[in-house]
Amino acid sequence: MKYGVNEKGYYGDFGGAYIPEMLYPNVEELREQYLKIINDADFIAEFDQLLKDYVGRPSPLYHAKRFSEKYGANIFFKREDLNHTGSHKINNAIGQILLAIRLGKKRIIAETGAGQHGVATATVCALKGIECVVYMGAVDMERQAPNVSRMKMLGAKVVPATSGSKTLKDATNEALRDWIGNPVDTHYIIGSVVGPYPYPDMVARFQSVISAEAKKQLFEQTGKELPEYVMACVGGGSNAMGMFYHFLDDEKVKLVAVEAAGKGVDSGHSAATTFLGREGVLHGSRTILMQTDDGQVVEPYSISAGLDYPGIGPQHAHLYKINRAQYVSITDDEALQAGLLCSQLEGIIPAIETAHALAYLEKMTFNPDDNVVICLSGRGDKDLDTYIKYFGY
Ligand SMILES: *Cc1c(COP(=O)(O)O)cnc(C)c1O
């Protein structure tokens, strides 16, 4: 694969495993084992069966007719919002729990910001009867109380991170500390295409089912396998990488990744990483991240908790740098308006993360025959409060 990871764990200048010495055995074990395990016939059979019967895959590729009329192109939604637990995150959580079991692990840890990845992880741990500990910033636990309750109901232990800003990056630090202390029996399920190698590649492979299905479905519906455009929102970048994966080597397919501009890229309240960031190391890999002149990570902001991350995965940093994909950004206001539009034109209330990708359609011009596939990464149930506050329903 031309844009895939090399044997050292790099995508061009980005990637690698920048980890404390004490994590080396855990990450090394994963690196040695992951391809062998996930390419094993028995693993593939169990993964595919759970995706089908538990998640509800294949997710439909839906031709959004009223959106198509409005924007003058054939617009398709890849419906990850219809998955069990409401987003693409379950694809990765299932892949990693099956891997952890085959590595002989007895305990799962995860970090979560808004709680979506925590809920997906707690769900698959319940499914497999495995102990689950989710680290979550104390501030986030308050902001996302319903997801905390969901995780507890699913049997997970939710541990508040009380250091720093008490948000996602502090939860990540706590999870890493736990992993260092429990290297033998514990697997750490990272929720996006970030972290030290092999996580970015492993998560991308688990999410690549999105584009594998989309390619086939587009052919069935249009007679063409390749669309003109493929689009997705980017927090860490896992739904986008899953949506891009099987189109990467087809250079004619234009890839559009939409970041969160928050209150505007120059407002000081933004998460538009490629616009604001520079190269550096974040959560174990060399990538592009928002940082001060002396290298301190800048606190990001977006109204959507899932895009509120100061970096992007290393493969995205590479695709950005070599111009294989276009990275753009959308403000809170633009995203919320697009969420409303999608609700009223298509009868689908999208997650606010997803609404960022939809909003960028306003800024594009199409030929009438263009096929455009957008990853509808998640459903908007979790965001109803935010929509209601904004629009006053
Ligand atoms: C978590 C989340 C995202 C952002 O994460 P990626 O790894 O960038 O995909 C996007 N959409 C939804 C619905 C999410 O829950």
- Add +1 for every Lys or Arg and -1 for every Asp or Glu among the other residues with Cβ under 11 Å from the Cβ of Ile97, and state the total. +2
- Message: Going by amide H atoms built from the backbone, whose H comes under 5 Å of the H on Ala161, apart from near neighbours?
- Response: Met136, Gly137, Ala138
- Message: At a 10 angstrom cut-off on C-beta neighbours, averaged per residue, how do the peptides 55-65, 241-251 rank from highest to lowest?
- Response: 241-251, 55-65
- Item | Amide N proximity, segment 159-174 versus Val281 label position 7 Å along Cα-to-Cβ, cut-off under 19 Å | 169-170, 172-174
- Message: Output needed: Cys residues of the chain lacking any neighbouring Cys C-beta below 4.7 Å, sorted by number.
- Response: Cys233, Cys342, Cys375
- From phi via Karplus (6.51, -1.76, 1.60), per-residue ³J(HN,Hα) for segment 63-77 in Hz, x at Gly/Pro: 7, 7, 5, 6, 5, 4, 4, 4, 9, x, 7, 8, 9, 10, 9
- Mind checking the angle between helix 41-50 and the chain's longest principal axis? C-alpha axes, 0 to 90 degrees, to the nearest 10. 60 degrees
- Round to the nearest 0.05 the FRET efficiency obtained for Gln296 and Gln326 when R0 = 45 Å and r is the Cβ-Cβ distance. 0.95
- Query: Which stretch or stretches of segment 364-391 have amide N atoms under 19 Å from the point lying 7 Å from Lys263's Cα along the Cα→Cβ direction?
  - Reply: 386-387, 389-391
- Cleavage-rule hits, GluC sites (Glu not before Pro), segment 319-393, DSSP coil, Cβ neighbours within 10 Å at most 13: none
- Item | Förster-model FRET efficiency, 22 Å R0, Ala212 and Asn6, C-beta, rounded to 0.05 | 0.45
- Message: Which of rounded, prolate or oblate describes the chain when judged by the alpha-carbon gyration tensor and an a/c cut-off of 1.5?
- Response: rounded
- Place the peptides 97-104, 297-304 in order of packing, highest mean first, counting for every residue the other Cβ atoms within 10 Å and averaging per peptide. 297-304, 97-104
- Query: Which of the peptides 371-380, 76-85 is most tightly packed, and how do the rest follow, judged by the mean count of other Cβ atoms within 10 Å per residue?
  - Reply: 371-380, 76-85
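How big is the antiparallel share of DSSP beta bridges in segment 192-322, given as a percent to the nearest 5?
Given both bridge residues lie in segment 192-322, the antiparallel proportion sits at roughly 60 percent.
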- Task: For segment 275-393, with all protein chains present and a 1.4 Å probe, just round the carbon and sulfur fraction of the accessible area to a whole percent.
- Result: 48 percent
- Query: Considering only DSSP beta bridges with both partners in the chain, what is the antiparallel share in %, to the nearest 5?
  - Reply: 30 percent
- Query: What residues have an amide H closer than 5 Å to that of Asp370, excluding those fewer than 5 places away on the same chain, when H is modeled at 1.01 Å from N in the peptide plane?
  - Reply: Asn74
- Task: Determine the sum of side-chain charges near Arg379: Lys and Arg each +1, Asp and Glu each -1, restricted to other residues whose C-beta is under 10 angstrom from that of Arg379.
- Result: -2
- Message: Which order do you get for Thr112, Thr162 if you rank them by accessible area with a 1.4 Å probe, largest at the top?
- Response: Thr162, Thr112
- Item | Value of relative contact order over the chain, rounded to a whole percent, pairs C-alpha under 8 Å and six or more apart | 20 percent
- Cross-link reach list, lysines versus Lys78, counting only Cα pairs under 23 Å and skipping chain neighbours closer than eight places: Lys52, Lys65, Lys70, Lys89, Lys215, Lys216, Lys224, Lys252, Lys254, Lys363, Lys382
- Query: Along the Cα-to-Cβ line of Ser163, 7 Å from the Cα, sits a label point; which residues in segment 117-149 have backbone N less than 18 Å from it?
  - Reply: 134-141
- Extension reserve of the Glu131-Tyr393 stretch, reckoned as 0.36 nm per residue once the Cα distance is removed: 90.3 nm
- What residues qualify as long-range amide H neighbours of Ser304, i.e. H under 5 Å apart, gap of 5 or more or another chain, H built at 1.01 Å from N? none
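The values are calculated or read from the model by the stated rules, or taken from the named source; none is laboratory data. Since this is a predicted model, take the numbers as computed values, not measurements. With ideal geometry, Cβ positions are generated from the backbone for all residues, glycine too; neighbour counts draw on all protein chains shown. Areas reflect the complete protein model, heavy atoms only, side chains present, ligands, DNA and RNA absent. Shrake-Rupley method; radii C 1.70, N 1.55, O 1.52, S 1.80 Å.
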